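These notes concern the structure reproduced below.
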Amino acid sequence: MDYEHYFAKRIAELKSEGRYRVFADLERQRGRFPVALNYRDGKTYEVVVWCSNDYLGMGQHPDVIAAAHEALERCGAGAGGTRNISGTNHYHVMLEEELAAHNGKEAALLFTSGYVANQTTLSTLGATMPGLVVFSDELNHNSMIEGIRHGRSAKHVFRHNDPENLEQLLSAYPKETPKLVAFESVYSMDGDIAPLAELCDVAEAHNAMTFLDEVHAVGMYGAEGSGVAERDGVRDRITIIQGTLAKAVGVVGGYIAASNSCVDYVRSFGPGFIFSSSMPPAVAAAALASIRHLRAHPELRDRHQERAATCKHLLTARGIPVMPSVSHIVPVMVGNAALCKQASDLLLKDHGIYVQPINFPTVPVGTERLRITPTPLHDDAMMAHLVDSFCAVWDQLDLQKIHHPKAVKAAE
Ligand SMILES: *Cc1c(COP(=O)(O)O)cnc(C)c1O
């Protein structure tokens with residue numbers, strides 16, 4: 001086999017389908033978020049980032065940076081091992097205590113990323129609990145799918161956010177069969193939110209455990225910002241709450257929060273936890289400072305929701321097809337991979353606006369979109385510029401608008 005030829009051929013296919021991924025080369029500017037420098041064609045350009053998952057700008061918060069500095073000076077760069085072999089730093093212990101308290105659970109466990117937290121926890125449960133059957137929402141994140149797959153237990157996929165369909169699937173098993181239902185709270189590509197209480201009702205009726213990915217809700221929902229389960233008052237009905245330290249917390253790392261015995265089980269049997277070196281102390285310290293700040297500042301969450309609502313309103317008023325999101329995510333439908341990439345390129349090069357195109361396999365073919373994430377730091381002037389730029393690009397590429405005089409005429 002000609003290996004080089006094979007690699008090149010597969011990449012050429014991606015390019016011809018218009019879904020070859022090109023990364024924007026950025027240099028974030030501390031204190032200027034959401035402004036960043038974009039390295040392009042040997043030059044740098046200032047851009048406003050409109051697609052960051054640093055949803056609240058915490059990655060540049062002075063308390064977070066100070067905590068990282070302090071831990072770096074005290075402990076040095078790396079943690080020095082896996083958690084079991086010399087790599088448990090006191091910052092990890094403090095952060096796990098904080099995460100447990102923040103989630104209203106007895107214990108928490110850190111992972112190097114949210115991806116690893118999902119993959120390891122779900123695969124460990126599937127592989128080590130005899131007879132476990134897993135029920136998974138059809139739009140679950142790849143990290144959950146991979147975890148469930150690697151667990152090699154029996155599994156069923158239920159229709160997205162559909163407690164009735166879940167009920168049907170669970171009903172096929174006797175009550176004694178061990179079961180786990182896995183879902184997310186905020187689905188980050190459409191911006192919809194799961195009916196957590198209804199899903200818990202169904203799971204409880206069948207004596208099933210629940211696993212909730214709060215990755216796109218951590219820091220942003222609930223009085224203290226632990227997620228939608230807190231907002232909806234269902235945290236004690238969720239067996240395992242999973243989250244990330246890389247999105248609204250603004251650093252990196254992942255976690256689960258659950259009962260003492262459940263967390264101890266994953267700590268003791270989870271390969272992705274056991275065999276990987278722990279996060280640097282400075283990272284844990286930064287995440288700890290960020291979570292403490294987020295718990296104490298609900299006004300950040302109010303401002304965040306206001307910015308997202310304003311952005312949706314302003315775009316919709318000008319005919320830009322914002323998808324029906326009930327969260328802080330502002331997805332705009334394009335519906336074609338090549339056009340989505342072109343729109344993103346024009347926004348970046350002609351308007352200094354960075355919104356990454358979202359193409360297959362992240363979303364289904366034909367639903368390619370631009371996913372905008374306004375933060376509390378995107379001001380009115382930036383938002384006005386965003387809306388004008390979207391309108392200019394929509395006209396230039398002749399993309400479809402809604403409630404637009406022309407579109408209405410055409411429909412009549
Ligand atoms: C980003 C993401 C993850 C992975 O979290 P990381 O900390 O970035 O590895 C897990 N679940 C969902 C739904 C995500 O969007």
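The values are calculated or read from the model by the stated rules, or taken from the named source; none is laboratory data. Everything numeric here is computed off the predicted structure, so don't read it as measured data. Counting neighbours? That spans all protein chains shown, and the Cβs are built from the backbone with ideal geometry, glycine included.
For the range 149-182, taking the residues that are in a loop (DSSP other than H, G, I, E, B) and of a type in the set (Asp, Glu), the one that is farthest from Ala127 (Cα to Cα) is identified as Asp162. Applying the condition of being over 11 Å from Ile320 (Cα atoms) and surrounded by 12 or more Cβ atoms within 10 Å (Cβ to Cβ) to the range 393-408 and asking which residue is modelled with the lowest pLDDT yields Val408. In this structure, is Val22 under 26 Å from Thr362 (Cβ atoms), among the aliphatic types (A, V, I, L, M), surrounded by fewer than 15 Cβ atoms within 10 Å (Cβ to Cβ) and touching a helix residue (DSSP H, G or I) at 6+ places or on another chain (Cβ under 9 Å)? Spelling it out, Val22 is indeed under 26 Å from Thr362 (Cβ atoms), among the aliphatic types (A, V, I, L, M), surrounded by fewer than 15 Cβ atoms within 10 Å (Cβ to Cβ) and touching a helix residue (DSSP H, G or I) at 6+ places or on another chain (Cβ under 9 Å).
For the range 33-49, a residue qualifies if it is within 19 Å of Ile372 (Cβ to Cβ) and surrounded by 13 or more Cβ atoms within 10 Å (Cβ to Cβ), and the qualifying residues are Phe33, Pro34, Val35, Ala36, Asn38, Val47, Val48, Val49.
For Ile358, the conditions (1) without any contact (Cβ under 8 Å) to a residue 60 or more places away in the chain; (2) within 16 Å of the chain's Cα centre (by Cα) are fulfilled apart from (1). Say whether the condition of being free of Cβ contacts under 8 Å to residues at least 12 places away in the same chain, on the phi < 0 side of the Ramachandran plot and either in the same structural domain as Arg237 (by TED's automatic domain parsing) or more than 16 Å from the ligand (Cβ to nearest atom) (or both) is met by at least one residue in the range 107-119. Looking through the range 107-119, none of the residues is free of Cβ contacts under 8 Å to residues at least 12 places away in the same chain, on the phi < 0 side of the Ramachandran plot and either in the same structural domain as Arg237 (by TED's automatic domain parsing) or more than 16 Å from the ligand (Cβ to nearest atom) (or both).
Scanning the range 83-131 for residues that are within 26 Å of the chain's Cα centre (by Cα), surrounded by fewer than 16 Cβ atoms within 10 Å (Cβ to Cβ) and among the β-branched types (Val, Ile, Thr) yields a count of 1.
Of the listed requirements (1) without any contact (Cβ under 8 Å) to a residue 24 or more places away in the chain; (2) over 30 Å from Phe273 (Cβ atoms), Val49 misses just one: (1). Among the residues making up the range 42-66, those that are over 19 Å from Phe390 (Cα atoms) and under 17 Å from the mean Cα position of the chain (by Cα) are Asn53, Asp54, Tyr55, Leu56, Gly57, Met58, Gly59.
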